[in-house]
Each structure stands twice: as structure tokens, then as C-alpha cells.
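Novice: The structure follows.
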Amino acid sequence: MATTADFKNGLCLEFNNDLYQIVDFQHVKPGKGPAFVRTKLKNLKNGRVIDNTFTSGVKVTTARVVKAPYQFLYKEDNAFVLMNQETFEQINIQQELISNYDLIKEGQSIDVTFHEETETPLFTELPSFIELKVTYTEPGLKGDTATNALKSATLETGATIMVPIFINIDDVLRIDTRVREYVERAKK
């Protein structure tokens, strides 16, 4: 059990017979009436974000979650086979639980968060930045630099992102997985 004073971003709690994670919260103390906490809660099963207001000091049930590092081995139908990097145990994770799953290449590390009591996977987190090789992109036109022109590029995992026109085939790019955007060319 916890109170609203224990709220912090990332805290998982049981609310309305479901598991939610606090995305954002704000303590509000109006001039008239009791204080309250305004929150944005993300449903860990379907990903929907809801707004909820808690009276200040109310008790909530926290959910115990465990985060463990896993390594992506291979894809099998709609499931990804991952191996725990500490125990070497293999698990299958459904594609829906992995955001930006098409940016993952074999051997890459992924953090998987589990509900401790039921041992079911809740969500996964890719590293913030990854490096991937460009397998196909149209050649850039010389002199077409008046604006920040972008073109489509296919990466080694099959994912397609927008990149600046000076990017060529076989360039290794640094990609921000949170927003799925090109950051820079990787250092050699």
C-alpha cells in the first residue's frame, strides 16, 4: 500500500482491477477545498492513457514489477524469442508487447518488465539509441540542400525511416527508438 505522497513517474499500481503505470502526476493545492493529485495513468495491458484525480492522502495498492535484461535471439511467427542474460532462460514475447519491434536486430539487448506475482510480461523497452545499417535508399540529388529535405531509407532490420538526403547505402545510422528518428551517422 502507498499513498499519493509516494507517487512518482513509473510507479505501477493496481487501479480499477487493472495494472497502470504513472506517466505524469501533479500535486494541486487549491485555495479552497482539499488538495488532490492529478495523474495520467497508462494501462499496461492495452497501452491506453487515462486521466484520473486522487484525493490527497488516499491509499492505493502498488503492483510489484521486476525489470530484467533479455537478448533478442530470433523471430518465430508473431512472437520474439528472448533469452534472459542472467539465467539464460528463453521466453516468447508477443509482437504487440514490443514497441518499434522492426528496429530490433538479432543479439540486441531489451529490458522486459514482468508483473512479479503472476510472472507475466507487461511491456518492453528498447535501448534509447541503436545503430543500424542502411540497406537501401535513393541517391540524393546534388544541390538539393535548400531545405532540410528528407528521403526514405530501409534499414538492415527491414524498418523504414526518414533520413537526410546525404545518407547513402551502407551508412551506419544512430536511431532514437523512442521517437523512431534519425539522429546522426554512427562514428567509425
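The values are calculated or read from the model by the stated rules, or taken from the named source; none is laboratory data. Only a predicted model underlies this, so the values are computations on that prediction, with no experimental measurement involved. Neighbour counts are summed over all protein chains in view; Cβ atoms, including those assigned to glycine, are modelled from backbone coordinates with ideal geometry.
Novice: So in the stretch 151-178, with the set limited to residues that are part of a loop (DSSP other than H, G, I, E, B) and in contact with a helix residue (DSSP H, G or I) (Cβ under 8 Å, 6 or more places away or on another chain), which one is surrounded by the fewest Cβ atoms within 10 Å (Cβ to Cβ)?
Specialist: For the stretch 151-178, the residue satisfying everything is 158.
Novice: Could I ask something else about it? Could you name every one of the strands (runs of 3 or more DSSP E) located completely within the stretch 81-125 that has at least 2 residues being touching a strand residue (DSSP E or B) at 6+ places or on another chain (Cβ under 8 Å) and modelled with pLDDT of 90 or more?
Specialist: Passing ranges, in order: 90-94, 109-115.
Novice: Would a scan of the stretch 142-150 turn up a residue that is surrounded by 10 or more Cβ atoms within 10 Å (Cβ to Cβ), in contact with a strand residue (DSSP E or B) (Cβ under 6 Å, 6 or more places away or on another chain), acidic (Asp, Glu) and over 21 Å from residue 19 (Cβ atoms)?
Specialist: no
Novice: Only one of (1) within 30 Å of residue 163 (Cα to Cα); (2) in contact with a strand residue (DSSP E or B) (Cβ under 8 Å, 6 or more places away or on another chain) is not met by residue 139, so which one is it?
Specialist: (2)
Novice: Here is a list: 49, 23, 37, 58. Which entry is closer than 18 Å to residue 114 by Cα, in contact (Cβ under 8 Å) with a residue 12 or more places away in the chain and outside the structural domain of residue 117 (by TED's automatic domain parsing)?
Specialist: Just a single option satisfies the conditions, and that option is 23.
Novice: Inspect all residues belonging to the stretch 37-44 and state whether any of them is in contact with a helix residue (DSSP H, G or I) (Cβ under 6 Å, 6 or more places away or on another chain) and over 21 Å from residue 127 (Cα atoms).
Specialist: Yes: the stretch 37-44 contains one or more residues that are in contact with a helix residue (DSSP H, G or I) (Cβ under 6 Å, 6 or more places away or on another chain) and over 21 Å from residue 127 (Cα atoms).
Novice: Those residues that are within 25 Å of residue 105 (Cβ to Cβ) and of a type in the set (S, T, N, Q), I need them from the stretch 28-85; list them, please.
Specialist: Within the stretch 28-85, 71, 78, 84, 85 meet the criteria.
Novice: Within the stretch 29-46, restricting attention to residues that are outside any loop (DSSP other than H, G, I, E, B) and not β-branched (Val, Ile, Thr), which residue is surrounded by the fewest Cβ atoms within 10 Å (Cβ to Cβ)?
Specialist: Of everything passing the filter in the stretch 29-46, 38 is surrounded by the fewest Cβ atoms within 10 Å (Cβ to Cβ).
Novice: In the same structural domain as residue 70 (by TED's automatic domain parsing) and surrounded by fewer than 17 Cβ atoms within 10 Å (Cβ to Cβ): which single residue out of 181, 106, 138 fits that description?
Specialist: From the options 181, 106, 138, the qualifying one is 106.
Novice: Here is a follow-up. Which residue is nearest to the chain's Cα centre (by Cα), if the candidates are limited to the stretch 50-81 and must be among the small types (Gly, Ala, Ser) and surrounded by 13 or more Cβ atoms within 10 Å (Cβ to Cβ)?
Specialist: So, considering only residues that are among the small types (Gly, Ala, Ser) and surrounded by 13 or more Cβ atoms within 10 Å (Cβ to Cβ), the one nearest to the chain's Cα centre (by Cα) is 68.
Novice: Of the conditions (1) closer than 26 Å to residue 155 by Cα; (2) assigned to a loop (DSSP other than H, G, I, E, B), residue 75 clears all except one; give me its number.
Specialist: Of everything listed in (1) closer than 26 Å to residue 155 by Cα; (2) assigned to a loop (DSSP other than H, G, I, E, B), residue 75 misses just condition (2).
Novice: Check residue 22 against each of (1) of a type in the set (A, V, I, L, M, F, W, C); (2) under 16 Å from the mean Cα position of the chain (by Cα); (3) not in a strand (DSSP E or B) and name the one condition it does not meet.
Specialist: Going through (1) of a type in the set (A, V, I, L, M, F, W, C); (2) under 16 Å from the mean Cα position of the chain (by Cα); (3) not in a strand (DSSP E or B) one by one, residue 22 breaks only (3).
Novice: Would a scan of the stretch 145-152 turn up a residue that is touching a residue at least 24 places away in the same chain (Cβ under 8 Å) and more than 18 Å from residue 66 (Cβ to Cβ)?
Specialist: No, there is no match, as no residue in the stretch 145-152 is touching a residue at least 24 places away in the same chain (Cβ under 8 Å) and more than 18 Å from residue 66 (Cβ to Cβ).
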